[in-house]
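The values are calculated or read from the model by the stated rules, or taken from the named source; none is laboratory data. All of these numbers come straight from a predicted model, not from anything done at the bench. Neighbour counts are summed over all protein chains in view; Cβ atoms, including those assigned to glycine, are modelled from backbone coordinates with ideal geometry. Areas reflect the complete protein model, heavy atoms only, side chains present, ligands, DNA and RNA absent. Shrake-Rupley method; radii C 1.70, N 1.55, O 1.52, S 1.80 Å.
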Amino acid sequence: MKKNIIALNFVFFLALAGIFYLLTSQLAKYKAEDLQQLTIEKARSAVRVSVPSINRAIQNSDDISLLTNIEAISKLENVTSAFILDRENTVIIHNNTNEWNSKRTGDMYDRAVKYNGELLQHSFDKDYILFSVPLAKEYTLFCMFSTLKASESARLWKIKYFTVASATAVIAIIILYFLSKLFIVIPFNRTKKKIEQGAAGDSKDGKYDEIVDMFATENEKSLQKIKALQQDKKSLMKIIEYYLGTSSQNYQMLIIMDSSNDIVYAYDKTDKFLKKDFADDSNILEVSVNPKMLTLISKASETPNIEISEIIEKYNMSALALNDNENLFATIVKI
């Protein structure tokens, strides 16, 4: 019996390790994407601040101000270089003076010069992103963003995730082993001993009843948990019915999440806050494309039952975390 328990625990460990590996790999992938997106967004926002000043310098032919702005941009966090191209792809100014009057060739430069708007493109190196912004007099500002720090941070998070997953798997197996020994091996050995002593009938019936009672108790606990979850879902469905049934409201975006911030119902007519395609029961961290919205949701969870509103991307967005008996059971975000 003991050998069988060890073999069963070993098989369970392999299955658990496989599941944890897949989950951890996916979680690490999402974390890496989020870190890269946050890095790029932070650098892009910082560059945007300098664009009006650069345009004024170009229109006033103020070369000193133009050079000062370019050097200031090149010193921003995660920005490795900054330069301006004319319509002929000639570098008219660069934070590295050796690059002045040089030519930049390649589809990504041609595409950016012809494109009338901001553009993010992958560079020749996967750890670098080329960001471009149109300027006055048909000039184009280029900035090279580095995601090396984000990649390094993502690797550290991946190590943390795998460490936690491995420790959890080992602890789970140890607990399972002792529980198996306590509730299966020990009762089995006692029953076997009594059978050998000639009290097979009474002993067998008594131990059988004891095991049945034990599993009945565990089953009752499981049913109670399921009932609680069903009740939670009922509350969420009532919330959905209320918001969808209020004809006077015309929401451009509506997100309803459960206590784990998994999406129960969501749509985004603005196409600015949620990924276009996402699976049911996805977590808000997986589908959100706007860090400011996540910050608003976090603020709402800190002050439950009080609606918080902010202007984000020119939209008046509000978030409300619903709390019942000191337990957060739903969060609603709407525009």
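How many nm separate the modelled label positions at D62 and E313, each set 7 Å beyond the Cα in the direction of the Cβ?
Spacing of the two 7 Å Cα→Cβ label points: 3.4 nm.
Which FRET efficiency value, to the nearest 0.05, do you get for R48 and K193 by plugging their Cβ-Cβ distance into 1/(1 + (r/R0)^6) with R0 = 56 Å?
Between R48 and K193 the formula returns 0.10.
Taking a 30 Å limit on the Cα-Cα distance, which of the listed pairs K103/K275; K42/K137; K275/K299; K160/K181 fall beyond it?
From K103/K275; K42/K137; K275/K299; K160/K181, over 30 Å: K103/K275; K160/K181.
Using a 1.4 angstrom probe on heavy atoms only, work out the carbon and sulfur share of the accessible area of region 243-320 in %.
It is 44 percent, rounded to a whole number.
Using a probe radius of 1.4 Å on heavy atoms only, what accessible surface per residue do you get for region 1-154? Whole Å² is fine.
57
Once you have the Kirkwood Rh of region 37-169 from its Cα pairs, apply Stokes-Einstein at 37 °C and 0.692 mPa s and quote D in µm²/s.
Approximately 206 µm²/s, per Stokes-Einstein.
What's the extension gain from F278 to S123 if we count 0.36 nm per residue and subtract their Cα-Cα distance?
Between F278 and S123, full extension yields an extra 53.0 nm.
Determine the gain in length on full extension of the stretch Y251-L38; use 0.36 nm per residue of separation and subtract their C-alpha separation, reporting nm with one decimal.
74.0 nm
Could you compute the FRET efficiency for E77 and S25, with r as their C-beta to C-beta distance and R0 at 30 Å, rounded to 0.05?
Once rounded, the FRET efficiency stands at 0.55.
Residue by residue through region 265-278, what is 3J(HN,Hα) from phi via Karplus (6.51 cos²θ - 1.76 cosθ + 1.60, θ = phi - 60°)? Round to whole Hz and write x for glycine and proline.
Whole-Hz 3J(HN,Hα) from phi for region 265-278: 8, 6, 7, 9, 6, 7, 6, 10, 10, 10, 4, 5, 10, 8.
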